[in-house]
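Bear in mind these aren't lab numbers, they're just calculated from the coordinates by the rules spelled out. Predicted model, so just to flag it, every value in this text is computed and none were measured. FYI the Cβ positions are ideal-geometry reconstructions off the backbone, even for glycines, and counts take in every protein chain you see.
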Amino acid sequence: MARMAEADLESVLEIERRSYPTPWTRDNFLFELRENPFARNLVLRSGPAVAGFACLWVVDRELKINNIAIGPEHRGRGHGRRLLRACLDLGRSEGCLEATLEVRPSNKVARALYEAHGFRTFGRRKGYYQDTREDAILMIAPLVPAAPGLP
């Protein structure tokens, strides 16, 4: 896992375009990299290639997962689990007590991944996704600090 750099943007944008019906723009990512003091941006590599990325915010004691994706050719290999664990570990290391995110009800694979990592549903945003007017499921997970000496 590494911090996202501007040099990663072409790969990140390609994964974003192939993963979401309404992808973030280069300007969205540049704002997160250059200007947002709350942003923490990660890339997951498979060899030299960027296999996935995550855009996070650390606000007070909350880790907000804003955008996370694995490239289609890298899915089904455990990369999503590794990336999500790295996000949660980053939150713990920065003193966050909980992690939150929004997910489409139709994204059953992502929802199962989140639930396997302790996320539970705590609300719904009606018509949240502008492209389809699909609701967003709000999910939250406690970030219990790891016990000393345990991974």
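Data for the structure
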| item | result |
| --- | --- |
| Gain upon complete extension [residue 25, residue 10; 0.36 nm per residue less C-alpha separation] | 4.3 nm |
| For the chain, alpha-carbon Rg and Dmax in angstrom | 14.9, 46 |
| Fully extended contour minus Cα-Cα distance, from residue 98 to residue 1, at 0.36 nm per residue | 32.8 nm |
| Pairwise label distance in nanometres, residue 38 with residue 85, each label 7 Å out on the Cα-Cβ vector | 2.8 nm |
| Placed amide H near residue 44: partners under 5 Å, 5+ positions off or other chain | 51, 52, 53 |
| Region 63-90-region 16-38 distance, computed between alpha-carbon centres (Å) | 16 Å |
